[in-house]
Amino acid sequence: MTNWRAVVLGFLVAFTLGLLGITVPLVGQVGAGLVGGFVAGYLGSRSLFGGAWHGLLAGALGGVVFAVLLVLAGSIFGGLTGSVEAVVGSAGLAVVVLAVAALLALPSAVGGAVGGLVR
């Protein structure tokens, strides 16, 4: 059973550290995913598989939120400039971001597996 509270808390930790990772190069996005996944796995499960599942969900949630924000920003910018190309381009970019987010959810799954084992 998925503990959504753990997933949301892991997402919030990863999102916050990801914002810091933009300004502080040593933290990085992968480190943010690992720590957020660890938190989700630690709070969500006591097993390797359960921790990995919670970490993966936390990382994937972060990727989806990022993609939605990117599409909204591109659509608003395209709407303000009157450019259809900007709106279509932001939608295409969102597909690429979702694919990358799926790959970046893997470090969160590894962190979640470790968190599940530690607990």
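Odds and ends about this structure:
- Estimated 222 nm signal from helices in the chain, with DSSP H stretches of n ≥ 4 weighted -39500 (n - 2.57), rounded to 500: -32000 deg cm²/dmol
- Comparing LEU104, LEU56, LEU69 in a Gaussian network model of the chain where C-alpha atoms under 10 Å apart are linked, the largest mean-square fluctuation is found at LEU69.
- With contacts taken as Cα pairs under 8 Å and at least 6 residues apart, the chain reaches a relative contact order of 36 percent.
- In terms of surrounding Cβ atoms within a 10 Å radius of their Cβ, SER47, SER90 rank from fewest to most as SER47, SER90.
- Matching label, volume of the Cα convex hull per residue in Å³ computed from the structure shown, candidates (1) 93; (2) 117; (3) 143: (1)
Values in this text are rule-based calculations from the coordinates and carry no lab data. Computed from a prediction, not measured in an experiment: that's the story for all the values here. Reconstructed Cβ throughout: ideal geometry from the backbone, glycine too, with neighbour counts over all protein chains shown.
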